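Pasting in a structure now, in structure tokens, and then I'll have a few things to ask.
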Amino acid sequence: MLNLINQITNQKITPISFGRKPITIGNLSGLKEDVFVKTAKTTSKTVQTKIADFEYKKRICKDIGLSCVSVDKLDSIVGPNELTKIVSKNNNNRAFYIPGEKPSGMEDVQDSYFLENVLNGEFGASFHNHTIHSDGKLTVVELLDQATEYADIRHSKTGKPFYLGITDHNTIEGCKEAVKIIAANPEKYKNLKVVLGSEITVKEEKINNVKLNKSRKLHILTLGLNPFDKDLNSFISFLTATVNKTKINYSHFINKNMYKNNPMRPKTISLEYLVDRLSNQKDLKFSFAHPDYPDIRKDISEEQDPYNAIEKIIHFFKKTTQNKGLYTESYYNAYFDDVALDKKMHQTIEDATNKTHLSKAGAIDTHGDNIFYTGINK
Ligand SMILES: [Zn+2]
Ligand SMILES: [Zn+2]
């Protein structure tokens, strides 16, 4: 743990080594929570609603060309029921979603956590993270390795797994890679639970009665997707197909095919279009990433109340996604500067989330090389 403590003290943003080998658990106790898979194994043909997770994994297995007799190889992939259950169970558990509180006086600084929730193993889920498939720095292997190292430690302290989301901007390529890696070596990832997702950009010209002085970008997390689904892939291809190749810096992309499909320059679509277009993806849930990023004050006219505007936008999210709307990122640590300091705004987001019967959840939204820090360059 020495390295970790040094890193906390020095606020370095480098991959954490915990300074000891991953702990061998010895049996599969970490998987006992996965009641849906267990149910599916024992009562396979009957309880349709309870086996949704089993069916989800079975579809992934089939689409990837794995044997579908058993979905054990995908025990670490989180199905829609498990996701909903975990989110609702931890609705009021802020520590579950954040690595630690920022020291007083440093609330406006990015990547300055005490990491106390990491040290005690309470940090349980980070549903929103980026890899080199969009604008992150970690490869999928590195992301999974770091998360697994922590998951093993968390499991040894609490008996519980660690939940990790892969949500690159407007692409699902990282999710495909993750499924293949996990299916090839499921034992290694037994304490890790991976949520397959994407962070889709939508743009709104008008949001109910919030007067925008320019269109507002919303980042929508689509969680519990099947990255091998044909129709989902054709939607992503449409979204990221680009004709303008000249003005973009591609240096961080891992392969040149992204010249043709650029996740950082998606087509302009609305939330209504997104929800409608993906209505055939039955397992998919929509969540509202960082409701106040970009700072709402930049998009509304001066005479408007920003708190009231955020509240209305959360209502708009719920109204548009309806029963597929899962949570807002009420526990979001990557805000910086004025937004990070605006306690009233954070409270407004929590209150509006409660009022609309969405859940409160959160994530690190890492773009850097460490799962406990945001690594966003301002
Ligand atoms: Zn975002
Ligand atoms: Zn993000």
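The values are calculated or read from the model by the stated rules, or taken from the named source; none is laboratory data. This is a predicted model, so every value here is computed, not measured. With ideal geometry, Cβ positions are generated from the backbone for all residues, glycine too; neighbour counts draw on all protein chains shown.
Take the range 111-132 and flag every residue that is within 16 Å of ligand 2 (Cβ to nearest atom) and under 16 Å from G362 (Cα atoms).
Passing the criteria: D111, A125, S126, F127, H128, N129, H130.
When the range 133-187 is examined, which residues are found to be of a type in the set (G, A, S) and within 13 Å of ligand 2 (Cβ to nearest atom)?
Within the range 133-187, S134, G136, G165, G174 meet the criteria.
Just the residues that are away from ligand 1 (no atom under 16 Å from the Cβ) and closer than 22 Å to R94 by Cα, please, taken from the range 274-313. So that I can check it myself, show each step before the final result.
Taking the range 274-313 as the starting set, the residues that turn out to be away from ligand 1 (no atom under 16 Å from the Cβ) are 275-285, 297, 300-309, 311-312.
Answer for the range 274-313, where residues must be away from ligand 1 (no atom under 16 Å from the Cβ) and closer than 22 Å to R94 by Cα: K285, Y307, E311.
Quick one: E302 ticks every box in (1) more than 27 Å from Y273 (Cα to Cα); (2) under 20 Å from the mean Cα position of the chain (by Cα); (3) not in a helix (DSSP H, G or I) bar one, so which box is it?
(2)
Among the numbered criteria (1) within 16 Å of ligand 1 (Cβ to nearest atom); (2) surrounded by 20 or more Cβ atoms within 10 Å (Cβ to Cβ); (3) outside any loop (DSSP other than H, G, I, E, B), which single criterion is violated by K217?
(2)
Another question, if that's okay. So which of Y113, Y97 is touching a strand residue (DSSP E or B) at 6+ places or on another chain (Cβ under 7 Å) and either at pLDDT 95 or above or more than 16 Å from ligand 1 (Cβ to nearest atom) (or both)?
Details: Y113 fails: touching a strand residue (DSSP E or B) at 6+ places or on another chain (Cβ under 7 Å).
Answer to the selection: Y97.
Now for a separate question. Name the single residue, out of those in the range 275-291 being within 16 Å of ligand 2 (Cβ to nearest atom) and not aromatic (F, W, Y), that is nearest to I313 (Cα to Cα).
Only one residue fits best here, namely P291.
Six or more apart or on different chains, Cβ atoms under 9 Å: show the pairs whose first residue is in the range 285-306 and closer than 20 Å to V87 by Cβ and whose second is polar (S, T, N, Q) and within 11 Å of ligand 1 (Cβ to nearest atom).
What qualifies is A289/T167.
Kindly check whether there is at least one residue in the range 227-238 that is outside any loop (DSSP other than H, G, I, E, B), touching a Gly at 6+ places or on another chain (Cβ under 8 Å) and at pLDDT 95 or above.
Within the range 227-238, not a single residue is outside any loop (DSSP other than H, G, I, E, B), touching a Gly at 6+ places or on another chain (Cβ under 8 Å) and at pLDDT 95 or above.
Please report, ordered by residue number, the helices (runs of 4 or more DSSP H) entirely within the range 63-162 with at least 3 residues that are out of contact with any helix residue (DSSP H, G or I) (no Cβ under 7 Å at 6 or more places or on another chain) and surrounded by fewer than 19 Cβ atoms within 10 Å (Cβ to Cβ).
80-89, 140-158
Let me ask something else. State whether the residues of the range 190-202 include one that is out of contact with any Asp or Glu (no Cβ under 7 Å at 6 or more places or on another chain), of a type in the set (S, T, N, Q), surrounded by 16 or more Cβ atoms within 10 Å (Cβ to Cβ) and more than 24 Å from K57 (Cβ to Cβ).
Yes, the range 190-202 contains at least one residue that is out of contact with any Asp or Glu (no Cβ under 7 Å at 6 or more places or on another chain), of a type in the set (S, T, N, Q), surrounded by 16 or more Cβ atoms within 10 Å (Cβ to Cβ) and more than 24 Å from K57 (Cβ to Cβ).
Going through the range 339-367 one residue at a time, which ones are crowded, with 23+ Cβ neighbours inside 10 Å and within 16 Å of ligand 1 (Cβ to nearest atom)?
Answer for the range 339-367, where residues must be crowded, with 23+ Cβ neighbours inside 10 Å and within 16 Å of ligand 1 (Cβ to nearest atom): I349, A361, G362, A363, I364, D365, T366.
A further question on this structure: Of the conditions (1) part of a loop (DSSP other than H, G, I, E, B); (2) within 16 Å of ligand 1 (Cβ to nearest atom); (3) at pLDDT 95 or above, G174 fails just one. Which one is it?
With respect to (1) part of a loop (DSSP other than H, G, I, E, B); (2) within 16 Å of ligand 1 (Cβ to nearest atom); (3) at pLDDT 95 or above, G174 is out only on (1).
Also, I was wondering about something else. Does F54 meet the test of being touching an Asp or Glu at 6+ places or on another chain (Cβ under 6 Å) and either at pLDDT 50 or above or in a helix (DSSP H, G or I) (or both)? Show your work before the answer.
Numbers: touching an Asp or Glu at 6+ places or on another chain (Cβ under 6 Å): no; either at pLDDT 50 or above or in a helix (DSSP H, G or I) (or both): yes.
No: the conditions fail for F54.
Among the listed residues I371, I314, which satisfies the condition of being assigned to a loop (DSSP other than H, G, I, E, B), among the β-branched types (V, I, T) and either in contact with a Gly (Cβ under 8 Å, 6 or more places away or on another chain) or at pLDDT 95 or above (or both)?
Just one listed residue meets the conditions, I371.
Do you know which residues across the range 272-284 are in a helix (DSSP H, G or I) and touching a residue at least 24 places away in the same chain (Cβ under 8 Å)?
E272, Y273, L274, V275, R277
Between a first residue in the range 348-368 that is within 16 Å of ligand 2 (Cβ to nearest atom) and a second residue that is of a type in the set (D, E, K, R) and not in a strand (DSSP E or B), which pairs have beta carbons less than 8 Å apart while being 6 or more apart in sequence or on different chains?
G362/R94; H367/D135; H367/K137; G368/D111; G368/K137
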